[in-house]
Amino acid sequence: MNVRKYVFDFEEGDGKNKMLLGGKGANLCEMTQIGLNVPPGFTISTDACLSYLDQHQLPDGLMNEIKAHMTALEKKTGKGFGSDSNPLLVSVRSGSSMSMPGMMDTILNLGLNENSLKGLIKQTKDERFVYDTYRRFIQLFGKIALGISDEVFDEKMHAIKKKHRAKEDVDLAAAHLKELANEFLAIVQRHTSKPFPQDPYEQLEIAVQAVFRSWMGKRAVDYRRQFRITKEMANGTAVSVCTMVFGNMGDDSGTGVGFTRNPGTGENQIFGEYLVNAQGEDVVAGIRTPKPIAEMEIEMPEIYRQLMELHNRLESHYHEVQDFEFTIEKGILYCLQTRNGKMNARGMVRTSVELFDEGLITKEQALLRIDPALLEQLLVPQLSPSFRGKSLTQGLPASPGAASGKIVFDADTAEARGIKGEKVILVREETKPEDIHGFFQAQGILTSRGGKTSHAAVVARGMGKPCVSGCEHIVIDVNARRAIIGNTTLHEGDVITIDGGTGHVYAGEVPTVEAEVSEELITLLKWADQYARLKVMANADAPEDAAKARAFGAMGIGLCRTERMFNGTDRLPIVQEMILAETSEERQAALDRLLPIQRADFKGIFKAMKGLPVTVRLLDPPMHEFLPTASQLELEIAHLHHLRDTIKGLEELPETLKLLNPRLYQQYADGLVKLMDSLHTFKTSHLEEDAITKKEKVLKKVRALSEVNPMLGHRGVRLGITYPEIYSMQIQAILEAAALCAKEGIEIYPEIMVPQVATVEELARIHSYVERIHKVVELTHGISVRFKFGSMLEVVRACMRSGRMAQIAEFFSFGTNDLTQATFSFSREDAENKFLPAYNETGILKDNPFEVLDVLGVGQVMKIAVDNGRKTRPDLKIGICGEHGGHPASIHFCHHIGLNYVSCSGPRVPIARLAAAQAKLLEDTYTTELY
Ligand code: PEP
Ligand code: MG
């Protein structure tokens, strides 16, 4: 005896139990139970599916249970299953607890046979529609339940169309469709050696089994693997059997789809389309153009009233914008499906604020219903949503936003053209710190090498400019001023568009839509700040960037990379002088000239961030980054030598000509004398000699500074130890800027941060410089200067020694770009476009660790550092300033291990603010798999 219950009427099924009834089944039950007009039906549970898959047969008694529910359904609807007067037709729909669109099978109009189609013709008085439905049903049933391929049916359709000279399916008349249905029945007979099942219960039994089997179909299995849907998330499919309703039963019938609010703007107004006297398929096939729902108020006022009632009930029950489907059969509105509406960022933000104002959701729900990453759409320009063009190539989406401009191949040209008001995209193999002036003028940056934490990516993000990096299909020839992508050659001056959100590169100008910070977004983010425990700082290197970040709601600067200041066109020559200095006096002279410049920079940033903390990092990159490359210098020197040889050759010209052709010599004698004079003047100026000597000196230095692994070489604190005068100048500039601001009454909170620290002794050494200079500054300026001293944690050893580090450091900031590189031993410049894609595709790594914090490895190192640091200094301030500081899932982890703040590029600040609030709201449910 079957004691187990497998079948649940929509009136009785538990609308919350998606594991048992599938998403669709549970939803149909819930809608029925809250009184929405859902066509009656029942759901067969996933338990029945699992039993069928296990035993290869339907569980004992299941068909009897189904029959009992069908009988009840007949009573409820007053229709008969297989009846020739008032037939009951049903849809048999799959649905598991996780939405897997199109992955499993669904059969419509089940119950149609030679008998019931007569009944349907009587009812609809539309023979053509009925035979069309019948032939569709035979094909769908044949394919899904009996395994006959679509092609066999399609061939026959093609033949019938040809025979009756019909161009489109809609040109076939009722008689043609009847003929087609008979042909389809014959196909079934041929392929199964049995007639098409005419008994509706036999149809139903076969269909239920087919839907169950589709759970293990290749499509569904692949989909679950791809989207990592585990058995705990979805186990088996349920089958919902639902009475068919028809929207093509006259002018009081129809079909449509709707959103309870406008999904594009969020406006509280029903939004959607409908068609009178039509089936859902007509909308999809585009045979007729649907009308906006607003017109229904005039055309079908009573239905419109029912629709508005449906709208209100949906929102008041689900407390969420709904996307629903409806059919009107003879003046009665049925809701066939509803789900949470997918909206763009604008729509989500506006509805969050308005649903709260209307009392439908709480502030917590308003904050939790938005995916923070979605906000990016509002914060940087985007490609026009209507644009459908094909891209030339795709690189890494390194800094979001879309921009168009003329291609330029070097920073100087970018600067020159940009200043003239031209829009340019800087296209380089990779960028270097000395390209910074080109960044300022460019609309966007495109590189053929480098990852998402490459120089180009990080600088562009800091400036809020779009960047596509690591676009390896582009071959750039700077000398020929052209770039080749497959068969396309682009020249300097050609217009391209880059989309830093997707990594696509397009030829020509693509229309874009501007960023917009609405009142609703401001409100929402204020709410976020009320909940968040983590503070959100910005990475910014210049006063303008700091001001922009503040406008995005940054609560301070978490990372100011001072090397960016060294790269301005007015500073680079002095920096180079400092590097090339032969003696410490020479170096000091260059530093003395840099000091006032740096001091002014810091003052500018402190002012822009008055009242908020500003963390300034001492110089980090290796010195050679401020010098030209060896190959560039070699090329220039070779050119100069060539020039010298050419001059020598020209000097011999008069004598040679005299010898070869005295008459010609006479003819040109005057000109030749003038030329010789000019050559003499040029030679005595020693211009090219001096240039060669200078460049050779630089080349010597470049060679001396060259390192096999510069990222692991002479940089960061190592520079500060070997060139104490450089760090001393920077420390002096920071503290003097602070003293000057304090004198002007500007409230400032400066923090000095040391990069690349590995040992406590390194930190102690720099701390000693700071203490010494601090005393001098206070004495000379006659004012007390408050500041904090701290360390980056981006070297694994420093993390492991954090307990001791915290005796000196008042704060830590995790540099997770370098820490990820160090923990994985993956070069951050190369990994992303060399082997990481293969790692991600083949499942060795789930995510790109330079983008998504690797909580299992890097995260554990961080946790040890936090715990040990706080043991020494319980009030230790700890943050993160690597790129992960703006990544929502990584922010959850930062909250979880007790960081005080995250720091990210300006335009990501709003995203981080929302993510920080969500991290707090979801902290009790936060889990990471650690094994
Ligand atoms: C880091 O390593 O995470 C960091 C912020 O420093 P940079 O990216 O400048 O090396
Ligand atoms: Mg670093």
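The values are calculated or read from the model by the stated rules, or taken from the named source; none is laboratory data. The model shown is predicted, which means the values in this text are computed figures rather than measured ones. Glycine gets a Cβ as well: all are built from the backbone with ideal geometry, and neighbour counts include every protein chain shown. For accessibility, only protein heavy atoms count, side chains too; no ligands or nucleic acids. Shrake-Rupley method; radii C 1.70, N 1.55, O 1.52, S 1.80 Å.
Some points to look at:
- Where Thr823 falls short, out of the listed (1) assigned to a helix (DSSP H, G or I); (2) open to solvent by 20 Å² or more (accessible area, probe 1.4 Å); (3) within 15 Å of ligand 1 (Cβ to nearest atom); (4) under 27 Å from Ala546 (Cα atoms): (4)
- Answer from Glu636, Glu696 - the residue that is within 30 Å of Pro573 (Cα to Cα), of a type in the set (Asp, Glu) and either open to solvent by less than 80 Å² (accessible area, probe 1.4 Å) or touching a Gly at 6+ places or on another chain (Cβ under 6 Å) (or both): Glu636
- Residue count for region 787-828, restricted to those that are more than 12 Å from ligand 2 (Cβ to nearest atom) and under 30 Å from Gly395 (Cα atoms): 5.
- Selection status of Gln756, closer than 27 Å to Met555 by Cβ and either within 16 Å of ligand 1 (Cβ to nearest atom) or buried (at least 20 other Cβ atoms within 10 Å of the Cβ) (or both): yes
- Failed condition for Tyr274, given (1) under 38 Å from the mean Cα position of the chain (by Cα); (2) open to solvent by 30 Å² or more (accessible area, probe 1.4 Å): (2)
- Region 210-257 - residue that is among the polar types (S, T, N, Q) and out of contact with any Gly (no Cβ under 7 Å at 6 or more places or on another chain) and, of those, most open to solvent (accessible area, probe 1.4 Å): Gln226
- Criterion (at pLDDT 95 or above and more than 30 Å from Pro755 (Cα to Cα)) met by exactly one of Glu514, Glu520: Glu520
- Failed item, numbered, when Glu430 is tested on (1) surrounded by 19 or more Cβ atoms within 10 Å (Cβ to Cβ); (2) within 16 Å of ligand 1 (Cβ to nearest atom); (3) not in a helix (DSSP H, G or I): (1)
- Only listed residue being in a loop (DSSP other than H, G, I, E, B) and free of Cβ contacts under 8 Å to residues at least 40 places away in the same chain, chosen from Gly493, Gly421: Gly421
- So Pro654, is it open to solvent by less than 60 Å² (accessible area, probe 1.4 Å), more than 16 Å from ligand 2 (Cβ to nearest atom) and within 30 Å of Gly815 (Cβ to Cβ): no
- Test set (1) surrounded by fewer than 12 Cβ atoms within 10 Å (Cβ to Cβ); (2) assigned to a helix (DSSP H, G or I) - Ala737 fails condition number: (1)
- Annotation: Gln269 fulfils all but one of (1) open to solvent by less than 30 Å² (accessible area, probe 1.4 Å); (2) under 30 Å from Pro385 (Cβ atoms); the unmet one is (1).
- Elements of type helices (runs of 4 or more DSSP H) contained in region 504-595, each with 1 or more residues being open to solvent by less than 60 Å² (accessible area, probe 1.4 Å) and away from ligand 1 (no atom under 16 Å from the Cβ): 519-531, 543-551, 572-580
- Qualifying residue in region 780-789 (condition: more than 27 Å from Phe850 (Cα to Cα), part of a helix (DSSP H, G or I) and either touching a strand residue (DSSP E or B) at 6+ places or on another chain (Cβ under 9 Å) or away from ligand 1 (no atom under 12 Å from the Cβ) (or both)): yes
- With respect to being touching a Cys at 6+ places or on another chain (Cβ under 7 Å) and surrounded by fewer than 24 Cβ atoms within 10 Å (Cβ to Cβ), Ser448 fits the description.
- In region 740-753, the residues that are within 16 Å of ligand 1 (Cβ to nearest atom) and either more than 18 Å from Ser802 (Cα to Cα) or open to solvent by 10 Å² or more (accessible area, probe 1.4 Å) (or both): Glu751
- Matching residues, region 362-377, being open to solvent by 10 Å² or more (accessible area, probe 1.4 Å) and touching a residue at least 40 places away in the same chain (Cβ under 8 Å): Lys363, Glu364, Gln365, Leu368, Arg369, Asp371, Ala373, Glu376
- Boolean, Gly405 is more than 23 Å from Asp620 (Cβ to Cβ), of a type outside the set (A, V, I, L, M, F, W, C) and open to solvent by less than 10 Å² (accessible area, probe 1.4 Å): yes
- Answer residue from region 755-779, given it is out of contact with any strand residue (DSSP E or B) (no Cβ under 8 Å at 6 or more places or on another chain) and outside any helix (DSSP H, G or I) and is nearest to ligand 2 (Cβ to nearest atom) among those: Ala758
- Residue selected from region 33-66 under the condition β-branched (Val, Ile, Thr) and open to solvent by less than 30 Å² (accessible area, probe 1.4 Å), by the criterion farthest from Asn312 (Cα to Cα): Ile66
- Residue check for Thr842: more than 16 Å from ligand 2 (Cβ to nearest atom) and among the hydroxyl-bearing types (Ser, Thr, Tyr): yes
- When every residue of region 844-857 is checked against the conditions, none turns out to be in contact with a Ser or Thr (Cβ under 8 Å, 6 or more places away or on another chain), in a helix (DSSP H, G or I), farther than 20 Å from Lys871 by Cβ and away from ligand 1 (no atom under 12 Å from the Cβ).
- Qualifying residue in region 477-490 (condition: buried (at least 24 other Cβ atoms within 10 Å of the Cβ) and in contact with a Gly (Cβ under 9 Å, 6 or more places away or on another chain)): no
- Close pairs (7 angstrom Cβ cut-off, 6 or more residues apart or separate chains): of a type in the set (Asp, Glu) in region 760-778, surrounded by 13 or more Cβ atoms within 10 Å (Cβ to Cβ) and modelled with pLDDT of 95 or more anywhere: Glu762/Val717; Glu762/Ile721; Glu778/Val785
- Among the candidates Gly886, Gly879, residue that is within 16 Å of ligand 1 (Cβ to nearest atom), touching a residue at least 12 places away in the same chain (Cβ under 8 Å) and under 23 Å from the mean Cα position of the chain (by Cα): Gly886
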